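The values are calculated or read from the model by the stated rules, or taken from the named source; none is laboratory data. Keep in mind that what you see is a predicted model, and the values were worked out from it rather than measured. Cβ sites come from the backbone with ideal geometry, for glycine too, and all protein chains shown count toward neighbours. SASA here: full protein model, heavy atoms, side chains in, ligands and nucleic acids out. Shrake-Rupley method; radii C 1.70, N 1.55, O 1.52, S 1.80 Å.
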Amino acid sequence: MTVLEQLNKEKIMAMIRGVHPDAADRTVEALAQGGIRFIEVTTNTEGVYALIERWRKTYDHDLIVGAGTVLDVEMAKQAIASGAQFMVSPNLDEEVIVYGAMHHIDVYPGVMTPTEIVRAIKFGAKAVKVFPTGSLGGASYLKEIRGPLNNIPMIASGSVGLNNIREILHTGAFAVGMGGSLVKRDWIESGNFSAIQRLAKELVRVVAEERATH
């Protein structure tokens, strides 16, 4: 099964950003125990490449680990060298997409408009990250944009949480990216990793229910 196929099955990509490495390790452990299988750690996180390398070894086949906020080819090189299995960007950078494809690594670029979405696919992106979904109008925007572009896998990212994940998936989102709505900073700062685990379990349960009914 390809990384893209696994993402379509799991539906949830958890994003870790700006978390201290020790807390990041505990966060990933909580997410994994909660049933999350896709982890994106952003390049503006301390020790990001060491984290990717460590999690690849620690969790082996249990997690798919990727790099987020990959803004240029140099970042892409470092991400791939550290073992990233996919890369995510907040923007559309054609060079990063091409570089990823050359190394058989999926790149999911951030896009907003139909023009950006189609351009990303033309340059070799296997899926796009519609970002920021919440600010663009949430499920209603996804529904409208998927009208003419329903053949393109779209990952909804930005303001997706337990309160609206069903609605987002109903519109045909290929998957969802979840940062602060799952990896809550106040929980991390207070050491409440069990809360992250419980929320992860609840989200995984919702996805399983959606899969069973569609």
Could you list, in sequence order, all residues of region 170-190 that are touching a residue at least 12 places away in the same chain (Cβ under 8 Å) and under 13 Å from Ala30 (Cβ atoms)?
Leu182, Val183, Lys184, Ile188
Looking only at region 46-59, and only at residues there that are more than 15 Å from the chain's Cα centre (by Cα) and open to solvent by less than 50 Å² (accessible area, probe 1.4 Å), the one that is farthest from Thr2 (Cα to Cα)
Gly47
Are any of the residues in region 61-78 crowded, with 19+ Cβ neighbours inside 10 Å, among the β-branched types (Val, Ile, Thr) and part of a helix (DSSP H, G or I)?
no
Can you find a residue that is assigned to a loop (DSSP other than H, G, I, E, B), out of contact with any Ser or Thr (no Cβ under 8 Å at 6 or more places or on another chain) and surrounded by fewer than 21 Cβ atoms within 10 Å (Cβ to Cβ) anywhere in region 4-19?
no
Give, as residue ranges, the helices (runs of 4 or more DSSP H) completely inside region 113-168 that count at least 1 residues that are basic (Lys, Arg), open to solvent by 10 Å² or more (accessible area, probe 1.4 Å) and in contact with a Ser or Thr (Cβ under 8 Å, 6 or more places away or on another chain).
139-146
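I need the full set of residues from region 179-194 which are assigned to a helix (DSSP H, G or I) and in contact with a Ser or Thr (Cβ under 8 Å, 6 or more places away or on another chain), in order please.
Ile188, Phe193, listed by residue number.
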Residue check: is Ala84 touching a helix residue (DSSP H, G or I) at 6+ places or on another chain (Cβ under 8 Å), closer than 19 Å to Val128 by Cβ, in contact (Cβ under 8 Å) with a residue 12 or more places away in the chain and outside any strand (DSSP E or B)?
yes
Scanning region 169-205 residue by residue, the ones that are open to solvent by 30 Å² or more (accessible area, probe 1.4 Å) and of a type in the set (A, V, I, L, M) total 1
Among the candidates Ala30, Ala50, residue that is under 16 Å from Gly180 (Cα atoms), assigned to a helix (DSSP H, G or I) and of a type in the set (Gly, Ala, Ser):
Ala30
